[in-house]
Amino acid sequence: MTKDIVIIGGGPAGLAAAVAARDAGAKEILVIERDEILGGILNQCIHNGFGLHTFKEELTGPEYASRFIKQVEERRDGIDTLLKTIVIDVRAEGDTKTVTCMSKEQGIFTVDCKSVILAMGCRERPRGALNIPGLRPAGVYSAGTAQRIVNIEGRLPGKNVVILGSGDIGLIMARRMTLEGAKVHAVLELMPYSGGLKRNIVQCLNDFDIPLRLSTTVIDIGGRERLEYVVTAEVDKNLKPIPGTEEKIECDTLLLSCGLLPENELTEAMGVKINPKTGGAEVDESFETSISGVFSCGNVLHVHDLVDFVSEEAKEAGKRAAAYVLNTVPARSTNEIRLVPGAGVRYTIPVSIRKERLEDLLTIRFRVTDVYKDPEICVYFDDKCIRRQKKKIVAPGEMEQVILRRQDICAEENIKEIKIQLE
Amino acid sequence: MAEKILTCIGCPMGCELTVNYTEGDADSVVVTGNTCEKGRIYGTNEVISPKRTVTGTVNVVNREGTVVSVKTVPEIPKDMVIPVSEELNNLYVEAPTHIGDVVVRDILGTGSDLLITKNII
């Protein structure tokens, strides 16, 4: 099989990229999805709050997905989808990319294409990566697994629940389990601030009087067959448990919401350069990775808080991939401008830009390293500060962005680097 | 006069609102700290008559081990969130389902309808 663009993943990023690539003139687009249906993780995110930016209304996850699925259906003249098919390898040799897939019906087969868009999303950090001591009873789930069991299969994983980690999925599941009749004893957070959105703390915890215990972790898991209790402890500044603060909570279920990891095994195997800060590919202004014609967008690039921003980013990547296969974009020259995270900034997307490939507006997305009150977000062109923007508060849990105009960047003769930092 | 500090949930900005009000009197409400009209409306409603959207699932009788997601439209009073969630356990639908299909009108007398939010073929 030969295609212009192969998109790996049929979740929000893959779907938005496919639609945008088609609208930008690409004709032979294939979306490969391992699940039985399109929509990805949105199918189990049945709560509302999606789409406020994209559709100016508040939708649930499945409703948000269905809008994009419909857009794909309306473009069947250029977009094919393969379901229940997993990609096991991607290889780039010159201008041709070879995608090796596997499915029950077709076995192992390959698709050759000019461009690949990586849209595989992310997965949850599992218990094994958290180093929690204790026994290995049943009843310890990642929050997203519990979400699937409750929202898709209609079963309740347990009745007395402790949640470790205050990421958004953990907060959402605290409310969901409560509404399904379970007792959620507490949400514990290792850091002194929550990793979730403020609105989720209000709607999911405060509404139901579920305590959020900051700077607290689980130091023991007890129970032979089934989870019987966890032991919690407060932690000091170095995140080490403080002796004497231990507390035993009897429970049958522990949900882990301790961070999401971009799923980049394919990306790494094909030799794309990875940014260790995000766990995703390094991309330029076009969401193009270190390998020409290979693009990355959505949670596989960096973990987002809002699907609306995933769609926005993926749309851009889709458009750029179409321009690549249609040869309407200048090839990458060597005079790139690097984007550098300064004080208080953990990473930026993109990491490099080239003037001749910029559109009118350049959106730079980034995360901060800590909670800062009344900071100024400063943009430097080399040593010259060109913008200061006051913010009331910034936190690692909420992605920030600055938007620069091409004309401002191009007005400067020889910029080597653009730095974003907090002051 | 009472004062409440709230975090606005109108959007992910999460503005911190200070709401001054007299119990039960919508005209007395003064909201500060909001950056848009949504914040004023949220702050006012939150101290006079708080409302929420309930999302949940109901059983699909002809698809074993499958539930379909639903939501209340418009929002229901906050104190009805738990009763409506419990009521979902008594409801069922048949596949195929379509987004926007009505499961129950005026659920538990809230004036809100319960709508399907997922297409199941």
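Coordinate-derived values only; no laboratory data. All of these numbers come straight from a predicted model, not from anything done at the bench. Positions of Cβ are backbone-derived with ideal geometry, glycine not excepted, and every protein chain shown enters the neighbour counts.
Quick notes on this one:
- Difference of contour (0.36 nm per residue) and Cα-Cα distance, A:S333 to A:T2: 116.3 nm
- Dividing the summed helix terms, -39500 (n - 2.57) for each DSSP H run of n ≥ 4, by the number of residues in the protein assembly as shown produces a 222 nm estimate of -5000 deg cm²/dmol to the nearest 500.
- Beta bridges per DSSP, both residues in chain A: antiparallel share near 60 percent.
- Taking the convex hull of Cα positions in region B:32-80, its mean projected area over all directions (nm²): 5.0 nm²
- Alpha-carbon radius of gyration plus Dmax, which is the widest Cα pair, for region A:274-328 in Å: 11.1, 33
- Environment charge of A:M177, counting only residues whose C-beta is closer than 10 Å and scoring Lys/Arg +1, Asp/Glu -1: +3
- In plain terms, the C-alpha convex hull of region A:102-204 casts an average shadow of 10.5 nm² when viewed from every direction.
- Cβ-defined net charge surrounding A:G78, 13 Å radius [Lys, Arg +1; Asp, Glu -1]: -2
- Region A:49-99 - convex hull of alpha carbons, volume per residue in Å³: 144 Å³
- A:D207 sits among other residues whose Cβ lies under 10 Å from its own Cβ, and their net charge, with Lys and Arg +1 and Asp and Glu -1, is +2.
- Among B:T22, B:T57, B:T72: highest mean-square fluctuation, GNM of chain B, C-alpha pairs under 10 Å: B:T22
- Note on region B:55-116: Kirkwood hydrodynamic radius from all Cα pairs is 11.7 Å, rounded to one decimal.
- Inverse of mean 1/r across different Cα pairs in region A:300-365, Kirkwood, Å: 13.6 Å
- Between A:A146, A:A317, A:A186, the residue with the greatest mean-square fluctuation in the GNM of chain A (Cα pairs under 10 Å linked by springs) is A:A186.
- Taking the alpha carbon gyration tensor of chain A, multiplying each eigenvalue by 5 and rooting it gives semi-axes of 37, 28, 19 Å, largest first.
- Whole-number percent relative contact order across chain A, with pairs defined as alpha carbons under 8 Å at least 6 apart: 16 percent
- Tail weight of P(r) past 14 Å, computed on alpha-carbon pairs of region B:2-49, percent: 36 percent
- Loop-resident sites, region A:35-99, for trypsin sites (Lys or Arg not before Pro), counting at most 15 other Cβ within 10 Å (DSSP): A:K56, A:R75, A:R76, A:K84
- When the Cα atoms of chain B are aligned to their principal axes, the ranges along those axes come out at 54, 28, 19 Å in descending order.
- Calculated SAXS-style log₁₀ I(q)/I(0) at q = 0.10, 0.15, 0.20, 0.23 Å⁻¹ - region A:193-293, Debye, Cα scatterers: -0.52, -0.86, -1.04, -1.19
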